[in-house]
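A.B. asks: Dropping the structure in here first, questions after.
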Amino acid sequence: MSELSVNHLLGIKYLNKEDIQLIFETADHFKEVINRPIKKVPSLRDITIANLFFENSTRTKLSFELAEKRLSADVINFSASQSSVKKGETLIDTVNNILSMKVDMVVMRHPNPGAGVFLSKHVNASIVNAGDGAHEHPTQALLDSYSIRERLGEVKGKNVVIVGDILHSRVALSNIYALQLQGAKVMVCGPKTLIPKYIDKLGVKVETDLRKALEWCDVANMLRVQNERMDISYFPSTREYTQQFGVDKALLDSLNKEITIMHPGPINRGVEITSDVADSKQAIILDQVQNGVAIRMAVIYLLASKIKQ
Amino acid sequence: MNVLIKSATIIDTKSEFHNQTLDILVEAGRISKIGTALENPNHYNILELENLHISQGWFDCSVSFGEPGLEERETIVNGLKTAAYSGFSTVAINANSHPVIDTNSDITFITSRALNHAVKVLPIGALTKESKGVDLAELYDMKTAGAVAYYDYQKPITNANLMKIALQYASNFNGLVCSFPQDNGIAGKGVMNEHITSTTLGLKGIPALAEELQVARDLFLLEYTGGKLHIPTISTAKSVELVREAKAKKLDVSCSVAIHNLFFDDSVLNDFNTHYKVLPPLRTQSDVDALVAGVKDGTIDMVTSDHNPLNIEEKKVEFDYATYGTIGLESAFGALQTLFSLKKSVEILTRGKQRFGTENTPIQVGNAANFTLFNPDAKYTFTTQDIVSKSKNAIFEGESLKGKSYGILNNNQLVLNLK
């Protein structure tokens, strides 16, 4: 049986092409499962998973929890607001305390880049990174690619533009790695203040003209502006941002081809995309959400099978 | 202290005995004879060590020990032992203790803790009260107690007018003003060098620009004010260029670089190892190359270990939360010799003393004995076993180094590390 080359999912940059292929094939199976009347399999009845969310999250947390429960794993949830972190406990101590209750796997969302990598070196459990600062959000990139594959047949050879706040985005970096690994071409588009200065060294194109970017691409992944991560205004107003980097139906219709619109959510309707775009048949935003559960089931299943060995 | 040192190869270009292997007789802490097969009529202790080399005592212009207030990081006594074991007979101690060293009595405390030690301590006072960057500390008063320079350790003076006033004021009594080269507005919340590695790690970057703007600003100010400026620990190619141009204009400026900034580039950070979190951050390979060239041609006056012991709790945390800094005294010589020849390494380790108000003591008969004793050919992997410091935050852990210190002979005392 095939297995992942890694014991943790810390980021896409630690995976290879075969890993992604294996995750997708496994997700195909689980997608079929979650569309059955009984949406559950007993695969992980002997596994306990802790969801540790040191940063607010709604959809990612729900998606992971649902994925774990549909695999019949035992699940415990922990969030920073109710935790001992605020009492000064270190991350390692917090996690080791939880692990001493015989937990096998940790799904962690954390505000600091590298928190998952750090944890994987100091605790004895399989770690799934559910987003670490502006570093990576690997399951999001996997479900994004999976959704492109589902809509367009394959990822290879496709032109994908990531639009918006690249600087503060973990989704962008994970997507760049995942798409390039599968043979897609990647462009980033946004105001220069929100694009890392050296991102071109990752082999991505950089464009500041949204129309040119949309004319080039097959898929546009529209990111939210992460105001909560900004210590200074990177652009004068939301209105001005939307004038330059918002996608509306008129802009979409003026292109000479029908492109696919994605968004990792939550959407700010009327900012990065208008409602008529979000609800159009070109948008696969809700497919992404559904695929998120299948992808997370696949990742957890594959990592758990390595624990069992 | 009397000792007969047998078969020591003298590495001192200021000495007529440079590159010769000779015996050295030290009586009452002074060099009384240098020659071949010296006799020992008074039956002094004889010192004979494998591949023994001797140079003038080494100098480090930037070490931090924590005491007073942060003794859990390092005490002055153990810090000086670390310096001696590592071959340093003179160290300038930063003011970054708790409280900050910013008064005459604080300076007196430091010197009294180091009184009669083999290692000569040169205390650095804070430039501003509590190193807050608002009001000047009592610079002259600290000088009367022995302060050799003024530096808010790793804290930039953001107010250009304050820096202007500091340079003007200190020039009244020939005081050396140090300015940490970083514009905090540009550096923002950065935690490592801004380049491809920071991009791939999602860590906020400190652009080279943050340093270069501050260096350029301070050099402009120096041109206006006159006085003596020292820029501690530069890290970028353009900073080297700016200092080179300033020296060509005959401005009274000196600068230093940390050894780790000569040894590593920022790609070593690729797995978020906090041992590599230092300030200024590790830069790119082209910066490293320019820094090495700057050391070779003398644009960079001093190389420092920028020794800064930190508790494990300050390092074994998420990268963003880790404190900047590394210990470096123990690995300094071994690391330098991987980059430079023996002669150059020793020259680097003995230069810059005069800038900090102390004299060179060439190895000549009649001079006070101020030696470092070492084996330049010892090759080893640096491990925690090599650490003398109380804290173990060593950036060089696991690196292959060349050259080990046996210890020092200074201030009429012999301190040897012969484990």
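A.B. asks: With unit charges on the beta carbons (Lys and Arg positive, Asp and Glu negative) and the dipole taken about the Cα centre of segment B:230-272, which residue among B:Thr233, B:Leu251, B:Phe272 sits farthest to the positive side?
C.D. replies: The Cα lying farthest towards the positive end belongs to B:Leu251.
A.B. asks: Rounded to the nearest 5, what % of DSSP beta bridges with both residues in segment B:57-356 are antiparallel?
C.D. replies: Taking every DSSP beta bridge within segment B:57-356, about 5 percent pair in antiparallel fashion.
A.B. asks: Taking a cut-off of 26 Å, what percent of all Cα-Cα pairs in segment B:57-356 are separated by more than that?
C.D. replies: Distances greater than 26 Å cover 40 percent of the Cα pairs.
A.B. asks: Report the FRET efficiency, 1/(1 + (r/R0)^6), for B:Asn42 and B:His18, where r is their Cβ-Cβ distance and R0 is 25 Å, rounded to 0.05.
C.D. replies: Computed FRET efficiency for B:Asn42 and B:His18: 0.35.
A.B. asks: To the nearest 20 debye, what is the magnitude of the charge dipole of segment B:267-419 about its Cα centre, counting +1 on the Cβ of each Lys and Arg and -1 on the Cβ of each Asp and Glu?
C.D. replies: 460 debye
A.B. asks: Cut-off 15 Å, label point 7 angstrom out along Cα-to-Cβ of A:Thr193: give me the residues of segment A:216-231 whose amide nitrogen falls inside.
C.D. replies: Those under the cut-off are A:225-231.
A.B. asks: Quick query: amide H of B:Ala378 versus all other amide H atoms, modeled in the peptide plane; which residues come in under 5 Å with a sequence gap of 5 or more or a different chain?
C.D. replies: Amide H to amide H, under 5 Å and 5 or more residues apart or across chains, B:Ala378 pairs with B:Gly403, B:Lys404.
A.B. asks: With a cut-off of at most 12 other beta carbons within 10 Å, and DSSP calling the residue loop, which trypsin sites (Lys or Arg not before Pro) in segment A:35-68 qualify? Please list them.
C.D. replies: Listed in order of number, the matching sites are A:Lys40, A:Arg45.
A.B. asks: Among A:5-11, A:276-282, how do they line up from the highest to the lowest mean number of other beta-carbon atoms within 10 Å?
C.D. replies: A:5-11, A:276-282
A.B. asks: Also, quick follow-up: Residues with amide H under 5 Å of B:Asn193's amide H, sequence separation 5 or more or different chain, H placed in the peptide plane at 1.01 Å from N; which?
C.D. replies: When sequence neighbours closer than 5 places are left aside, the close amide H contacts are B:Ile206, B:Leu282.
A.B. asks: Among B:Asp271, B:Asp60, rank each residue by its count of other Cβ atoms within 10 Å, from fewest to most, as a rough exposure measure.
C.D. replies: Listed from fewest to most nearby Cβ atoms, that is B:Asp271, B:Asp60.
A.B. asks: Right, here's the next one. Once you have the Cα-Cα distance between B:Tyr321 and B:Val365, take 0.36 nm times their residue separation minus that, and quote the gain in nm to one decimal.
C.D. replies: 10.5 nm
A.B. asks: For segment B:198-265, what log10 I(q)/I(0) values come out of the Debye formula at q = 0.12, 0.25 1/Å, with one point per alpha carbon and no solvent?
C.D. replies: Evaluating at q = 0.12, 0.25 Å⁻¹ gives log10 I(q)/I(0) of -0.36, -1.13.
A.B. asks: Per the helix-only calculation at 222 nm, which mean residue ellipticity applies to the protein assembly as shown, given -39500 (n - 2.57) for every DSSP H run of n ≥ 4 and division by its residues, nearest 500 deg cm²/dmol?
C.D. replies: Taken over the protein assembly as shown, the calculation gives -9500 deg cm²/dmol.
A.B. asks: Given R₀ = 22 Å, FRET efficiency for B:Glu130-B:Thr158 by Cβ-Cβ distance, to 0.05?
C.D. replies: That pair, B:Glu130 with B:Thr158, gives E of 0.90.
A.B. asks: May I ask you to sort B:Thr299, B:Thr108 by Cβ crowding, counting other Cβ atoms within 10 Å and putting the fewest first?
C.D. replies: Ranked by crowding around the Cβ, least crowded first: B:Thr108, B:Thr299.
A.B. asks: Could you give each residue of segment A:186-198 its phi-based ³J(HN,Hα) in whole Hz, using Karplus coefficients 6.51, -1.76, 1.60 with θ = phi - 60°, and x for Gly or Pro?
C.D. replies: 10, 10, 10, 9, x, x, 4, 5, 10, 10, x, 4, 9
A.B. asks: For every other residue with a beta carbon closer than 14 angstrom to the beta carbon of B:Ala248, add +1 if it is Lys or Arg and -1 if Asp or Glu, then tell me the sum.
C.D. replies: Charge balance in the 14 Å sphere: -1.
A.B. asks: Output ³J(HN,Hα) for segment B:197-206: one whole-Hz value per residue in order, computed from phi by the Karplus curve 6.51 cos²θ - 1.76 cosθ + 1.60 with θ = phi - 60°, and x for Gly and Pro.
C.D. replies: 3J(HN,Hα) across segment B:197-206, in whole Hz: 5, 4, 5, 6, 8, x, 8, 5, x, 9.
A.B. asks: While we're looking at this one, here's another question. Quick one: what are the phi-derived ³J(HN,Hα) couplings along segment B:298-313, Karplus 6.51/-1.76/1.60 with θ = phi - 60°, whole Hz, x for glycine and proline?
C.D. replies: Along segment B:298-313, the couplings run x, 4, 8, 6, 9, 10, 10, 6, 6, 4, 8, x, 9, 5, 4, 5 Hz.
A.B. asks: A further question on this structure: At what distance in nm do the modelled label points of A:Glu154 and A:Asn124 sit from each other, each positioned 7 Å from its Cα along Cα→Cβ?
C.D. replies: 4.5 nm
A.B. asks: Let me know the charge dipole size of the protein assembly as shown about its Cα centre in debye, to the nearest 20, where only the beta-carbon of Lys, Arg (+1) and Asp, Glu (-1) is charged.
C.D. replies: Charge dipole of the protein assembly as shown: 700 debye, to the nearest 20.
None of the figures in this text is laboratory data; all of them are computed from the coordinates on show. Small disclaimer: the values here were computed from a predicted structure and weren't measured. Here the Cβ is made from the backbone with ideal geometry for all residues, glycine too, and neighbour counts use every protein chain on show.
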